[in-house]
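Take a look at the structure set out below.
The values are calculated or read from the model by the stated rules, or taken from the named source; none is laboratory data. Only a predicted model underlies this, so the values are computations on that prediction, with no experimental measurement involved. Don't worry about glycine lacking a Cβ; one is built from the backbone with ideal geometry, like all the others, and counts go over all protein chains shown. Surface areas here come from the heavy atoms of the whole protein model, side chains and all, with no ligands, DNA or RNA. Shrake-Rupley method; radii C 1.70, N 1.55, O 1.52, S 1.80 Å.
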Amino acid sequence: MPAIPRPREEALHGARTYAGTYSCDGCVERRLTVTIFADGRYRLREVAGHGAPNQEHGRWSAAPTAPERLVLESAGGARVLRRTAPDELTIVDHEGRELHGLIGGVLLRLPDVDPLPEPERLVGTYHPTGTRRVLVDCASGNALPVLAGVGDSAQAALDQAWSELAPHDDESVLVVVHVHRVALDTGAAAAGREAIVVDAFERATRNARCGGPLSRLR
């Protein structure tokens, strides 16, 4: 069996996507797609049968004593994957053991990074500075550059709401928006990084913060 590379040592150059299916006796088959970023972030899409995709974002880590185990942690809990080959991850329990009754559960590396084309609803703090716009996602803490979209009416509505709230330097504006993710195309330094495009603006509240009532409306 080939040696298992240590996740941190190989730096996961930009981002890597793994996908596969799993089920159990009497369960609907699910397809799991996981993208792991070198900076410790991950994103996940899970689809049960022909249902709507469930999206998840969080942080991953690998302990020095168990470098083959990747722990994915999000607001909804934790999942564990074990690297069983250089380009293969397997779903395991929290102790790194095979799950009894699991059918499938092996995720193979895809040749391209999953673009995650589905729209999603984000709650976060919005910070426009000159021509630069950034949204800090409450769920993951990630700072996402906000890029202009086609027509840009949703972005204009977001900027107008921010302008009307006129926050002071020590205040924040918490916004609820519907977005889709795109790859940053600003050279090698941006490899694997993402930005968002606002598809619809829902609401904005001045001086609200992540963790408050509004940020839990996901």
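Below, the figures for the structure above:
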| item | result |
| --- | --- |
| Test: residue in the range 92-99 that is of a type in the set (Val, Ile, Thr) and more than 18 Å from Ala183 (Cβ to Cβ) | yes |
| Scope the range 54-77; condition within 27 Å of Pro119 (Cβ to Cβ) and of a type in the set (D, E, K, R); matching residues | Glu56, Arg59, Glu73 |
| Counted residues, the range 135-178 - those being more than 30 Å from Gly40 (Cα to Cα) and either assigned to a strand (DSSP E or B) or touching a Lys or Arg at 6+ places or on another chain (Cβ under 6 Å) (or both) | 2 |
| In the range 4-50, residue modelled with the lowest pLDDT [restricted to those that are open to solvent by less than 40 Å² (accessible area, probe 1.4 Å) and of a type in the set (Phe, Trp, Tyr)] | Phe37 |
